[in-house]
1. Per 10 Å bin, what is the whole-percent P(r) computed from every C-alpha pair distance within segment 23-144?
2. Extension gain Arg94-Gln154, at 0.36 nm per residue separation less the Cα-Cα distance, in nm?
3. For the peptides 108-116, 43-51, what is the packing order when you average, over each peptide's residues, the other Cβ atoms within 10 Å and list the highest mean first?
4. Which order do peptides 147-156, 217-226, 21-30 fall in by mean Cβ count within 10 Å, highest first?
5. Sorted from largest to smallest, which semi-axis lengths in Å does the alpha carbon gyration tensor of segment 75-217 give for its equivalent ellipsoid, taking the root of 5 times each eigenvalue?
6. For the chain, give the percent of accessible area contributed by carbon and sulfur heavy atoms, probe 1.4 Å, rounded to a whole number.
7. Measuring with a 1.4 Å probe in the full set of protein chains, what accessible area per residue, in whole Å², belongs to segment 1-69?
8. Provide Rg and Dmax in Å for segment 70-123, with only Cα atoms included in the calculation.
Amino acid sequence: MTPGFHCSSLEFHDPATLIPKLAALGFGAIAIRPCRGGWDLQSPWFDTATAQIAAAAKENSVSIVIDLDAPYYSDPDWIDSYSLASADAEVRQRAQEQIQDWIRRTAEFSPLAITFSTGRVHPRGRQAPSDEDHSEQTLERLADAIEPLAKLSQSFGVNLALRPVSEHAIATVAHFERFGQWLNADMSLGLAADVGEMLLGGEFPIGARLARLQHRLSCVYLCEPDLERDCDQRFGHGDIDLGRVWEVMTESGFGGPAIFRACGHGRMGLESAREALRLLDDVRG
């Protein structure tokens, strides 16, 4: 696998200047999220920033994964930046248009993958998750919304991958597998597995489950939730052996990017990235 690092773990750093630092440490991939006022489609400097990131990635032989799940990107009162699963047709349409824009305007990256989640049927706090969130009607709406996005990404040679998120319409890897029944057989949609979300969904054993699905995987986000602080755990400080997950995935033959993520610890700077690499050192002996 290719070791990667999520730039959102270093929120005080600029991605273009991070890339050579992370490459020097031994990372071959990065993940980057949109950020309102930063890497933002609406900002006048978006194209310049994108070109700088693309140039840094090419110069340092680093692949890019674009993670579209950017908290509060679209609405300062709503943590989800979009919802393709919304019961509101206008919300679904805006979500579809937003993802289409990201696919088109980041084509110069030639990203390994663009990952996205489905969003909630109802915004958080307005209605608790229910059976409706995973109903056939919801899955049909999702298929209608996602299929044109998958075709568009395919036309640009980009791998579009769905990231299951707890409380979303597709909340678990098992939901992703079931959702395949609603998609056209010729449609290409990858899986962006998030270990932290799998833990929340009780999907064990994680390594073995991912190994079984390695033919559908586009990337893996290696992280563990810190439920007390509502962020990610520091690497090596939680209960899950991410190094063991890495080992099982490598043995399965998966050759894509495995992105380490530790959101909420940006003040540690690059020490967070070094902690991730120490996990791999232990695995490699």
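The values are calculated or read from the model by the stated rules, or taken from the named source; none is laboratory data. Here the structure is a predicted model, which means the values were calculated and not measured. With ideal geometry, Cβ positions are generated from the backbone for all residues, glycine too; neighbour counts draw on all protein chains shown. Only protein heavy atoms, including side chains, enter the accessible area calculation; ligands, DNA and RNA are left aside. Shrake-Rupley method; radii C 1.70, N 1.55, O 1.52, S 1.80 Å.
1. For segment 23-144, the pair-distance distribution reads 12, 39, 29, 15, 4.
2. Length gained, Arg94 through Gln154: 19.5 nm.
3. 108-116, 43-51
4. Details: 147-156: 16.7, 217-226: 24.1, 21-30: 18.7.
Per-residue Cβ counts within 10 Å, averaged per peptide and sorted highest first, yield 217-226, 21-30, 147-156.
5. 21, 20, 14
6. On the way: 5770 of 12680 Å².
Here it works out to 46 percent.
7. Numbers: 2840 Å² over 69 residues.
Each residue of segment 1-69 exposes 41 Å² on average to a 1.4 Å probe.
8. Using the Cα atoms of segment 70-123, the pair Rg, Dmax is 11.8, 34 Å.
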